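J.: Supplied in structure tokens, the structure appears directly below.
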Amino acid sequence: MNAMGGEGVPSFIQALAALAEFGGGIALVLGLFTPLAALGIVCQMLGALFMVHFPMGHPFVAATGGPSYELPLVYLALAILLLVLGPGRWSLDALLFGRT
């Protein structure tokens with residue numbers, strides 16, 4: 001496996017990962033389709049942790065500035081929080097669908 005963890009991963013899964021990262025990030029910023037976007041980020045961060053960081057033995061925080069799994073774990077926690085709590089009062093979800 002290479003450093004990015006892409007070797008052996010089907011291109012369809014790589015495309016879904018790109019969609020989750022880019023589209024999910026934009027959707028979360030806008031507050032649009034928040035549960036779906038957060039679920040995509042959760043799946044992406046779990047994949048990053050279990051396919052790249054843990055198998056390669058990266059530390060939680062790298063003292064030398066090398067690779068670590070701190071940031072994907074933070075993103076995972078925040079995505080789970082958004083998945084559980086849902087969109088906020090000022091989100092596009094609330095404006096378009098009347099849900100908060």
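The values are calculated or read from the model by the stated rules, or taken from the named source; none is laboratory data. All values reported here derive from a predicted model rather than from experimental measurement. Cβ sites come from the backbone with ideal geometry, for glycine too, and all protein chains shown count toward neighbours. Remember, those area values only see protein heavy atoms, side chains included, never the ligands or the DNA or RNA. Shrake-Rupley method; radii C 1.70, N 1.55, O 1.52, S 1.80 Å.
J.: Any residue in the stretch 39-48 that is assigned to a helix (DSSP H, G or I) and open to solvent by 90 Å² or more (accessible area, probe 1.4 Å)?
T.: Initially, the stretch 39-48 is screened for residues assigned to a helix (DSSP H, G or I), giving 39-48.
In the following step, the residues that additionally are open to solvent by 90 Å² or more (accessible area, probe 1.4 Å) were identified as none.
No - not one qualifying residue is present in the stretch 39-48.
J.: Can you name every residue in the stretch 24-34 that is surrounded by 16 or more Cβ atoms within 10 Å (Cβ to Cβ) and not polar (S, T, N, Q)?
T.: The answer is Gly24, Ala27, Leu28, Gly31, Leu32, Phe33.
J.: Sticking with this one: How many residues does the stretch 63-95 contain that are more than 14 Å from Thr34 (Cα to Cα) and either surrounded by 15 or more Cβ atoms within 10 Å (Cβ to Cβ) or over 15 Å from the mean Cα position of the chain (by Cα) (or both)? Step through it out loud before you land on a result.
T.: At the first step, the residues of the stretch 63-95 found to be more than 14 Å from Thr34 (Cα to Cα) are 63-77.
Next, only the ones that are either surrounded by 15 or more Cβ atoms within 10 Å (Cβ to Cβ) or over 15 Å from the mean Cα position of the chain (by Cα) (or both) stay: 63-69, 72-73, 75-76.
Summing the residues that are more than 14 Å from Thr34 (Cα to Cα) and either surrounded by 15 or more Cβ atoms within 10 Å (Cβ to Cβ) or over 15 Å from the mean Cα position of the chain (by Cα) (or both) in the stretch 63-95 gives 11.
J.: Pairs needed: first member in the stretch 52-80, outside any loop (DSSP other than H, G, I, E, B); second member anywhere, among the acidic types (Asp, Glu) and open to solvent by 50 Å² or more (accessible area, probe 1.4 Å); C-beta distance under 9 Å; at least 6 residues apart or different chains.
T.: Nothing qualifies.
J.: Also: Pick out the one residue from Gly86, Gly65 that is over 18 Å from Ile26 (Cα atoms) and small (Gly, Ala, Ser). Spell out the reasoning first.
T.: Values: Gly86 fails: over 18 Å from Ile26 (Cα atoms).
So the residue among Gly86, Gly65 that is over 18 Å from Ile26 (Cα atoms) and small (Gly, Ala, Ser) is Gly65.
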